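The structure appears below as structure tokens.
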Amino acid sequence: MFLALRELSFARGRFALMGAVVALIAILMVLLSGLAVGLANDGVSGLQRINATSFAFQKDVSKDSAFSRSVVGPDAVRAWQEQDGVADAAPLGNTLVNARTDRDVEIDLALFGVETDSFLAPKVAEGKALADEGEVVVSSTAADEGVELGDTVTLEPSGTQLKVVGIMADQNTFGHVDIGYLPMRSWQEIKAGTRPGDPVPARVYDEYTAVAVQAKDGAKVDLAAGDKAAGTTSLTREDSYGASPGYTAETSTLQLIQGFLYAISALVVGAFFTVLTIQRRQELAVLRAMGASTRYLLRDSLVQSFILLVLSAGVGIGIGLAAGSALASTPMPFALEAGPIIGATVLLIVLGLAGAGVAVLRVTRIDPLTALGGSR
């Protein structure tokens, strides 16, 4: 590593320029990771926090819009409750509404109808648990927007009123809309579009959006068998994220951008070390003439690139984390998580080494006679 360290020391300007490029890529990597996590949380954090392993929707429903188009009945719930490996199954309702509080705070809500004694009932950090009709428990992010305990929320245009009795501890959103949990019967009346005082058809109380299925600990539920018995189409909880509005389009777009960023990092580092290797040709040829092996020269070049990548990525990640912390306090859907950042950093370094490795392969073709004037 003698030559590698000497070059890093004496060609500081050259390597600083390359390090700055890698640092900028690392900053973009951190910001994109935070944006990807933030958008995912804003789209499906409510589903992530539901204690269910799968959801059963209407048979043959379109999977990318299952929550908005599915309708299932009590028979499907009972059928799933009887399946092997199922600890419990409960109905779930979902619909999006516009609302306004009695303090004139406008808010959009994704209403989740649940049976108050089921495993789907939300846990509250403030207020009391969901119990009676006409009550609603809202996400902490709804409280951040101005909704408070004791507020009366009026849904538009039906005029249905819900009293805020509890606030959940964490972010619970669906399709970038704050979630409000309410008793199933109230949800069914809202979903049917009935106004206060209007007669409600009996069939309304037999309609749900989906069946939330909770598997026993360590058990694997046969979803195909359950669908056959209940006449439904099942998705695991993770697969159901794609049914959240905009989730698939957003995540696939960001993944494509991140993929291009990683490819660019490999090409940039590879191009830099290609030029550097050409400039070092005489020095490397001298080392070959002195008896240095190809493995030694390759290791020397890769160690040099590794040091550069680690130091530059570290600086870039530090700046990115500082910028990300500032963005996390804004309304922008942005969240910093260690896992995605660590994974992206490792991938950045590995791809950078791959680019450098391809560039220094020309080292194996250096003729020691070049250093001795044999090519003249």
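Some points to look at:
- Here Ala323 passes the criteria (1) at pLDDT 85 or above; (2) open to solvent by 60 Å² or more (accessible area, probe 1.4 Å) except the one numbered (2).
- Residue under evaluation Val44, criteria (1) buried (at least 23 other Cβ atoms within 10 Å of the Cβ); (2) over 11 Å from the mean Cα position of the chain (by Cα), criterion not met: (2)
A quick yes/no check of all residues on (1) surrounded by fewer than 23 Cβ atoms within 10 Å (Cβ to Cβ); (2) at pLDDT below 95; (3) outside any helix (DSSP H, G or I):
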residue: Asn51; (1), (2), (3): yes, yes, yes
residue: Phe57; (1), (2), (3): no, no, yes
residue: Val61; (1), (2), (3): yes, yes, yes
residue: Ser65; (1), (2), (3): yes, yes, no
residue: Ser68; (1), (2), (3): yes, yes, no
residue: Asp75; (1), (2), (3): yes, no, no
residue: Ala79; (1), (2), (3): yes, no, no
residue: Leu92; (1), (2), (3): no, no, yes
residue: Asp104; (1), (2), (3): yes, yes, yes
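- Within the range 232-267, tally of residues that are among the aromatic types (Phe, Trp, Tyr) and closer than 16 Å to Asp42 by Cβ: 2
- Whichever residue in the range 244-292 is in a loop (DSSP other than H, G, I, E, B) and at pLDDT 80 or above and, among such residues, is most open to solvent (accessible area, probe 1.4 Å): Pro245
- In the range 202-243, the residues that are more than 24 Å from the chain's Cα centre (by Cα), crowded, with 17+ Cβ neighbours inside 10 Å and assigned to a helix (DSSP H, G or I): Leu223, Gly226, Asp227, Ala230
- Look at (1) over 22 Å from Gly34 (Cα atoms); (2) in contact (Cβ under 8 Å) with a residue 60 or more places away in the chain; (3) surrounded by 17 or more Cβ atoms within 10 Å (Cβ to Cβ) and you find that Gly166 fails only one, number (2).
- Qualifying residue in the range 2-22 (condition: in a helix (DSSP H, G or I), at pLDDT below 95 and under 29 Å from Val137 (Cα atoms)): no
- Scanning the range 170-201 for residues that are in a helix (DSSP H, G or I) and touching a residue at least 40 places away in the same chain (Cβ under 8 Å), we see that the one that is most open to solvent (accessible area, probe 1.4 Å) is Arg185.
- Verdict on Ile349 being closer than 30 Å to Val37 by Cβ, over 19 Å from the mean Cα position of the chain (by Cα) and open to solvent by less than 60 Å² (accessible area, probe 1.4 Å): yes
- Among residues of the range 136-145 being touching a strand residue (DSSP E or B) at 6+ places or on another chain (Cβ under 8 Å) and open to solvent by 20 Å² or more (accessible area, probe 1.4 Å), the one that is nearest to Val114 (Cα to Cα) is Ser140.
- Here Ile307 clears all of (1) at pLDDT below 80; (2) open to solvent by 30 Å² or more (accessible area, probe 1.4 Å); (3) of a type in the set (A, V, I, L, M, F, W, C) except the condition numbered (1).
- Pairing residues of the range 216-236 that are on the phi > 0 side of the Ramachandran plot with residues that are open to solvent by 30 Å² or more (accessible area, probe 1.4 Å) and not polar (S, T, N, Q), at Cβ distances under 7 Å and at least 6 apart in sequence or on separate chains, gives Gly231/Lys59.
The values are calculated or read from the model by the stated rules, or taken from the named source; none is laboratory data. Worth saying up front: this structure is predicted, and the values here are computed from it rather than measured. All Cβ positions, even for glycine, are placed from backbone atoms using ideal geometry, and neighbour counts span all protein chains on display. When the accessible area is computed, the model is the full protein with side chains, heavy atoms only, and any ligands, DNA or RNA have been set aside. Shrake-Rupley method; radii C 1.70, N 1.55, O 1.52, S 1.80 Å.
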